[in-house]
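Read the structure below first, then the notes.
All of the numbers you see were taken from the coordinates with simple rules; none came from a lab. Treat the numbers as computed from the prediction; the structure is a model and nothing was measured. Here the Cβ is made from the backbone with ideal geometry for all residues, glycine too, and neighbour counts use every protein chain on show.
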Amino acid sequence: MNPPHLPALPTAVRRPALVVLLTALVLVLLGATGWALTGKDATLSIDGQPREVSFRGGTVSAVLDAADVSVGEHDSVVPSAGARVEDGARIAVRRGRQLELVVDGQKRTVWVTAASVDEALDQVGLRQPGLALSASRSRGIPLEGLTLEVVTPKRITLTADGVTHERQSTATTVGAALVEQGIALDADDRVSLPQTDPVVPDLAINVARVASERVDEDVAVPFTTERRDDPALLVGVTRQVSAGKAGVERRTTERVIVDGAVESTSVVATTTVTAPVNRVVSVGTKPKPAAAPRVAAAPSAPAAAQDSGPRAGTGSAGLNWAALAQCESGGNPRAVNPSGTYRGLYQFSLQTWRGVGGSGDPIDASSGEQTYRAQLLYDRSGAGQWPECGRRLFS
């Protein structure tokens, strides 16, 4: 009996509707039973993040399709996409990431499936200890990639302050290596290599400590001889007017010292403490009187001209010529004064030497010849020819 609130359906209508309803119910039950018989579940991990995926089929590709996950050429799938899987399988997908790697200044692009810098270094084979990195090892690598700079440790030899050390360095330049090793430089110190040079294996760096100091010292300044023409004196006659006196000059010398040893010295300043006083000598310009004719030499004259003594006939043989020579030249027949003007035993000028008949250079003449010419000069002009030493003739 139908419920009272529902109108009764005609018999012709109720039967077909019931058939349709029963048919739909059977189809639903059959579908559920079919899924129960063929459906599977798998755990899919993408970059370490797991999720459960229900799938139908027997390969990894079926699981990826069910999860709507596409795999690129640089991605990693374990097991591979064509591998057979069963219910409860575990599948891992690692997304590829582009790594711009700069190792010791050399750039290259690599693809990794690592999620962190540390894992990426292991994948590219950079496993040695002591690497210097531009990012921490724990930093994650985003899907869009990362630029990573790596400096490998290198053995260097460093010499400074007299001590040589071998060190491992991850500095990129010579200057950075010095800072890394605690070597401080001042403005004058020298480094064997430019500080901008790159650090390479087995690099040798030498540091030279440079210092400078200044020293003052007083040195003697020699006086010079001022020669003045004197018309009251005969040609060839000289007379000292005033004696000379050396001066004093203070010199400031700078010394460059490299690693404790003096490398160079240079005079950087001079100051006159006492000026030198010039020696003043009068030089005769009065023409000589005409010489009397010379008497022919006696047969024994050649013997008299020997170096053993003065020549005969000068009228001055009895004077102390040895004392005069000692005073003027120290007894050296080849003596030349510092200016080069006065020469020989008795310090003739070339003009005076020739004025008494000498030829050539007095220092090339024998001692006897020089004494003879000195006696002629004395006979003509007196002991004033030797202003300082002439008195020795009478000792």
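Cβ-to-Cβ counts within 10 Å put Glu217, Glu180 in ascending order as Glu217, Glu180, the fewest first.
Restricting the calculation to Cα atoms, the range 154-208 shows an Rg/Rh of 0.91 when the hydrodynamic-style radius is the Kirkwood one. Radius of gyration over Kirkwood radius for the range 40-94, both on Cα atoms: the Rg/Rh ratio is 0.91. Note on Lys107, Lys154, Lys288: ascending count of other Cβ atoms within 10 Å places them as Lys107, Lys288, Lys154, the fewest first. Using the alpha-carbon positions of the range 97-151, Rg (one decimal) and Dmax (whole number) come out as 9.9, 28 Å. Which of the aspartates and glutamates could be linked to Lys286 by a straight reach, that is with a Cα gap under 18 Å, when you skip same-chain ones fewer than 8 residues away? Straight-distance partners of Lys286: Asp229, Asp230, Asp379. Taking 1.002 mPa s as the viscosity and 20 °C as the temperature, the Stokes-Einstein diffusion coefficient of the range 341-395 based on its alpha-carbon Kirkwood radius rounds to 192 µm²/s. To the nearest Å, what is the center-to-center distance of the range 319-395 and the range 198-224, using C-alpha atoms only? Computed from Cα coordinates, the inter-centre distance equals 51 Å. Using DSSP, restrict attention to beta bridges with both residues in the range 154-208 and report what percent are antiparallel, rounded to the nearest 5. Approximately 70 percent, going by the DSSP bridge assignments. Positive contributions from Lys and Arg (+1) and negative ones from Asp and Glu (-1), summed over other residues with Cβ under 11 Å from the Cβ of Lys107, come out at -2.
Straight-line reach from Lys107: which lysines fall under 30 Å, measuring Cα to Cα and dropping same-chain residues less than 8 apart? Within the straight-line limit of under 30 Å, Lys107 reaches these lysines: Lys154. DSSP beta bridges fully contained in the range 147-288 are about 80 percent antiparallel. Neighbour counts of C-beta atoms inside 10 Å place Leu324, Leu393 in the sequence Leu393, Leu324, starting with the fewest.
The charge dipole of the range 346-395, taken about the Cα centre with unit charges on the Cβ atoms of Lys, Arg (+1) and Asp, Glu (-1), comes to about 180 debye, rounded to the nearest 20.
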